[in-house]
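Visitor: Starting off with a structure, shown below.
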Amino acid sequence: MTHFNRNFDNKIVLITGGTSGIGLETARQFVAQGAQVIVTGVTVQRLDEARQELGEKALVLVADLRKPESLDAVISEISERFGRLDVVFANAGAGTASPLEAVTEAQINEQFALNFNGTFFTVQKAAPLLSKGASVILTTSFLNSVGTPGLSILSATKAAVRSLARTLGAELAPRGIRVNAVSPGPISTPFHGKLGLSDAQLKEVAAGIEASVPLGRFGEAGEVTKAVLFLASDQASFITGDEIVVDGGLSQF
Ligand SMILES: NC(=O)c1ccc[n+]([C@@H]2O[C@H](COP(=O)([O-])OP(=O)(O)OC[C@H]3O[C@@H](n4cnc5c(N)ncnc54)[C@H](OP(=O)(O)O)[C@@H]3O)[C@@H](O)[C@H]2O)c1
């Protein structure tokens, strides 16, 4: 007999950046476990594909998180349709690789606008809808604790997000709401193709990563999803302000 796991039956789950990679895989798993999911993204084609794949248990909406006001329509639609949120996975993010001498002010503003401001305003705007016992999970990165040449700004945005899990966790604890972070290591998703590197540079970086990850490979999106589902669930009922690093040991040894 097939065993269906329905751990998130009737839970209302918002996932930003849920049209690709880690966010999309997490949306699939929440839907499979009974949740009603609201997914956001920006690229029309990926929004359409996610809508088709996830079906009626997912509401797929456009929201460019570099403009926090674009979240207002998402939050009011959730409020009207569902009246509350039980899980928020603030996951949308991207990075640009650039050595010290080449970093521009525009690159800094762009990466902070999405990775930090976008994450912060997702939680701020979702907060009035969060139910007692709700769980918020922020996507940071193993980069928040290691120094990698060419990734100074991306890493700083992710360190700032790691800090948010603590401060927002402290602010929301009186309402019984937990705030935690997941820190992916190198995960096979379209993320790396968006770093602004050439194919040759990407190949070199990928080989270097495989050589330096103690477990000897890239991770899969689903391996991050498992940590997200754990933090979202009652299994993690006494865990807040914390971080689960899913990086094959890269930042630990
Ligand atoms: N993959 C890794 O190795 C890795 C490592 C550490 C941390 N992370 C973090 O994990 C998270 C998910 O990344 P991923 O690997 O799954 O990458 P991905 O496949 O590129 O997915 C990124 C998601 O963010 C969305 N997004 C991009 N720009 C946005 C914007 N301006 N406003 C709203 N949404 C936007 C994308 O939407 P569109 O598809 O419509 O652009 C997509 O849904 C990110 O925060 C990333 O920094 C990834």
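The values are calculated or read from the model by the stated rules, or taken from the named source; none is laboratory data. Source: prediction; values computed, not measured. Counting neighbours? That spans all protein chains shown, and the Cβs are built from the backbone with ideal geometry, glycine included.
Visitor: From the list GLN36, GLN29, which one is closer than 20 Å to ALA127 by Cβ and either more than 8 Å from the ligand (Cβ to nearest atom) or surrounded by 24 or more Cβ atoms within 10 Å (Cβ to Cβ) (or both)? Steps first, please.
Guide: Details: GLN29 fails: closer than 20 Å to ALA127 by Cβ.
Testing whether each residue is closer than 20 Å to ALA127 by Cβ and either more than 8 Å from the ligand (Cβ to nearest atom) or surrounded by 24 or more Cβ atoms within 10 Å (Cβ to Cβ) (or both) leaves just GLN36.
Visitor: Would you call ILE153 within 26 Å of THR43 (Cα to Cα), at pLDDT 95 or above and assigned to a helix (DSSP H, G or I)?
Guide: Considered against the rule, which asks whether it is within 26 Å of THR43 (Cα to Cα), at pLDDT 95 or above and assigned to a helix (DSSP H, G or I), ILE153 comes out as yes.
Visitor: Where residues in the range 66-101 are basic (Lys, Arg) and out of contact with any helix residue (DSSP H, G or I) (no Cβ under 6 Å at 6 or more places or on another chain), which of them is nearest to the ligand (Cβ to nearest atom)?
Guide: Let us first name the residues in the range 66-101 that are basic (Lys, Arg), namely 66-67, 81, 84.
After this cut, where a residue has to be out of contact with any helix residue (DSSP H, G or I) (no Cβ under 6 Å at 6 or more places or on another chain) as well, the list is 67, 81.
Working: LYS67: 8, ARG81: 20 Å.
Within the range 66-101, the match that is nearest to the ligand (Cβ to nearest atom) is LYS67.
Visitor: Which one of the conditions (1) within 9 Å of the ligand (Cβ to nearest atom); (2) within 12 Å of the chain's Cα centre (by Cα) does LEU143 fail to meet, given that it meets all the rest?
Guide: The one condition LEU143 does not meet is (2).
Visitor: Let me ask something additional. Since ASN7 meets every condition but one in (1) of a type outside the set (Phe, Trp, Tyr); (2) modelled with pLDDT under 95; (3) near the ligand (Cβ under 7 Å from one of its atoms), which condition does it not meet?
Guide: If we test ASN7 against (1) of a type outside the set (Phe, Trp, Tyr); (2) modelled with pLDDT under 95; (3) near the ligand (Cβ under 7 Å from one of its atoms), just (3) comes out false.
Visitor: Do any residues in the range 226-241 that are on the phi > 0 side of the Ramachandran plot have Cβ atoms under 9 Å from those of residues that are surrounded by fewer than 15 Cβ atoms within 10 Å (Cβ to Cβ) and assigned to a loop (DSSP other than H, G, I, E, B), where the two are at least six apart or on different chains, and which pairs are they?
Guide: Here the result reads none, with nothing in the range 226-241 linked to a residue that is surrounded by fewer than 15 Cβ atoms within 10 Å (Cβ to Cβ) and assigned to a loop (DSSP other than H, G, I, E, B).
Visitor: Another question about this same structure. Output the number of the condition that LEU164 fails; it satisfies all remaining conditions of (1) near the ligand (Cβ under 8 Å from one of its atoms); (2) closer than 20 Å to ASP86 by Cα.
Guide: Unmet condition: (1).
Visitor: Being surrounded by fewer than 17 Cβ atoms within 10 Å (Cβ to Cβ) and in contact with a strand residue (DSSP E or B) (Cβ under 8 Å, 6 or more places away or on another chain) is the filter here; which residues of the range 83-102 pass it?
Guide: The answer is ARG84, and nothing else.
Visitor: Follow-up. Here is a list: ALA126, ALA113. Which entry is touching a strand residue (DSSP E or B) at 6+ places or on another chain (Cβ under 9 Å) and either more than 10 Å from the ligand (Cβ to nearest atom) or not in a loop (DSSP other than H, G, I, E, B) (or both)? Can you show your working first?
Guide: Numbers: ALA113 fails: touching a strand residue (DSSP E or B) at 6+ places or on another chain (Cβ under 9 Å).
That would be ALA126, the only listed residue that is touching a strand residue (DSSP E or B) at 6+ places or on another chain (Cβ under 9 Å) and either more than 10 Å from the ligand (Cβ to nearest atom) or not in a loop (DSSP other than H, G, I, E, B) (or both).
Visitor: Let me ask something additional. Hey, does the range 173-185 have a residue that's of a type in the set (S, T, N, Q), under 21 Å from GLY249 (Cα atoms) and in contact (Cβ under 8 Å) with a residue 12 or more places away in the chain?
Guide: Yes, the range 173-185 contains a residue that is of a type in the set (S, T, N, Q), under 21 Å from GLY249 (Cα atoms) and in contact (Cβ under 8 Å) with a residue 12 or more places away in the chain.
Visitor: Quick test of your reading of the structure: GLY18 fulfils all but one of (1) buried (at least 16 other Cβ atoms within 10 Å of the Cβ); (2) more than 8 Å from the ligand (Cβ to nearest atom). Name the failing condition by number.
Guide: With (1) buried (at least 16 other Cβ atoms within 10 Å of the Cβ); (2) more than 8 Å from the ligand (Cβ to nearest atom) applied to GLY18, the lone miss is (2).
Visitor: Another question, then. Among the residues of the range 199-214, count how many are over 23 Å from ARG46 (Cα atoms), away from the ligand (no atom under 14 Å from the Cβ) and out of contact with any Phe, Trp or Tyr (no Cβ under 7 Å at 6 or more places or on another chain).
Guide: Qualifying residue count, the range 199-214: 6.
Visitor: On to the next question. For the range 78-135, name all the residues that are farther than 16 Å from LYS158 by Cα, aliphatic (A, V, I, L, M) and touching a residue at least 40 places away in the same chain (Cβ under 8 Å).
Guide: Listed by number, the residues that qualify are ILE78, LEU85, VAL87, VAL88, LEU100, VAL103, ALA126, ALA127, LEU129, LEU130, ALA134.
Visitor: Sticking with this structure for a sec: Does ALA227 qualify as being part of a helix (DSSP H, G or I) and surrounded by 16 or more Cβ atoms within 10 Å (Cβ to Cβ)? Walk me through how you get there before you give the answer.
Guide: Numbers: part of a helix (DSSP H, G or I): yes; surrounded by 16 or more Cβ atoms within 10 Å (Cβ to Cβ): yes.
It is true that ALA227 is part of a helix (DSSP H, G or I) and surrounded by 16 or more Cβ atoms within 10 Å (Cβ to Cβ).
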